[in-house]
1. Order of Glu141, Glu202 from fewest to most other C-beta atoms within 10 Å?
2. Provide the FRET efficiency to the nearest 0.05 for the Ala240-Lys69 pair, computing r from the beta carbons and using R0 = 41 Å.
3. Would you please give the FRET efficiency between Arg130 and Thr258, computed as 1/(1 + (r/R0)^6) with r the Cβ-Cβ distance and R0 = 60 Å, to the nearest 0.05?
4. Sort out for me the Cα centre separation of the range 96-140 from the range 234-294, rounded to whole Å.
5. Considering the Cα trace of the range 167-284, what is its radius of gyration and what is Dmax, both in angstroms?
6. Under the classification rounded if a/c is under 1.5, otherwise prolate if a/b is larger than b/c and oblate if not, where does the range 1-137 fall, given a ≥ b ≥ c as square roots of the Cα gyration tensor eigenvalues?
7. In a solvent-free Debye calculation with one equal scatterer on each Cα, what is log10 I(q)/I(0) for the range 34-74 at q = 0.15 Å⁻¹, listed in the order of the q values?
8. Mind running the shape call on the range 112-216? Use the C-alpha gyration tensor, a ≥ b ≥ c as the square roots of the eigenvalues: rounded below 1.5 for a/c, prolate if a/b tops b/c, oblate otherwise.
Amino acid sequence: MEHQQTARILVAGTGPAGLIAALGFAAEGFPVTLVGPEATAPDGRTTALMNPALKVLDRLGVLEAVKSKAAPLKVMRIVDATSRLIRSPVVTFRASEIDEDQFGLNLPNSVLNPALASAVAAHAGIDWLRSIVANWHLDAEHARAILADGSTVDAALAVAADGRLSPARQAAGISTSARSYPQAALVLNFGHSGDHAFTSTEFHTETGPFTQVPLPGNRSSLVWVVKPETATDLAALEDATLSQRVEQQMQSMLGRVTVEPGRQIYPLSAVTPLRFARDRVALVGEAAHVFPPIGAQGLNLGIRDIDDLIGIACENRADPGAAKALAAYDFKRRPDILARSSAVNLLNMSLLSDMLPAQMARVAGLGVLGGFAPLRAFFMREGLRPGSGFAALAGGLGKQVRR
């Protein structure tokens, strides 16, 4: 291995983040060992991936296989559906306002995950060991994983894509600040008689957001955040009754609703590690950030983690897990992850809050966004690519100065 001066990368975890990390490192010529079983449980959820994340999938050769089964997101709306004294106006974000055809695509996980898995399985540069890591040994020289089947893997860098409870993160001694919310998300897909016109609507309610995201045809996916006991009650309803409840909640905006089989409940929590890399381990995806499902941030943020990590690894090919490379990764990811997670957590807390100042702050924020197009454009650009809102503002100011 010494002669090629490119160190081995070990990726732990075979969710979408782990699969994308394995493909990304292999595409840059790193020898990759991926550790984790192939997903077998059906996943009824969908993932809204924004354009920058789709570019990464395209680069990895996976986009073509999934595009036809996804729905474009052209318009995003926020509707205040609380019954509070002070309510904000509807805020509508249109991709066309920032000269984009779409913000991204809403992809069924049952399409995305198998497409990633088959690309990994077909890649000659990836050695996929379908076992799990039983023990980690991390020292100054390398990361060693001892697998459940008794084999060991040594690497210069371990990419922890092993989820919110990340054993690799624990092994590296990275502590987290965590909070659980008095909320759970009911997730399902539904058909509707009206046309969604590729519009996603996030209804803000007192218990959290009720978010409808378009799927191909007259279908949409739903993430309904409520109290945990309400989620259990809703999930137990008969199809016809639940369909009616969903239709009422969205004010019959898409006509008659018919819920499809397969309902899942996810308790909501927030986890933020105190650092994003240490002792030859770099955190990506849910190992690096967990927050409520508001504003389609999760996997988009995870893909940015992976992109930044690969960029830094390419500058440190001989030893991508060296302390200086990990410090660079931590420094690069910190502002983006903290800004996203605090914004989402704040918005979520303001929905749960009965305190007037919190509600007024949320309304003022949404009200200003609704009424002021340049600010809306700034937020849309920032939402897609951190820094691009600022870049466009600077470009606009530059033009005015030149005038």
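1. Fewest to most other Cβ atoms nearby, the residues stand as Glu141, Glu202.
2. On the way: r = 28 Å, r/R0 = 0.68.
The value I calculate is 0.90.
3. Working: r = 38 Å, r/R0 = 0.64.
Computed FRET efficiency for Arg130 and Thr258: 0.95.
4. The range 96-140 and the range 234-294 have Cα centres spaced 20 Å from each other.
5. 18.0, 55
6. Verdict is prolate for the range 1-137.
7. Here log10 of I(q) over I(0) equals -0.50.
8. Verdict is oblate for the range 112-216.
All of the numbers you see were taken from the coordinates with simple rules; none came from a lab. All values reported here derive from a predicted model rather than from experimental measurement. Positions of Cβ are backbone-derived with ideal geometry, glycine not excepted, and every protein chain shown enters the neighbour counts.
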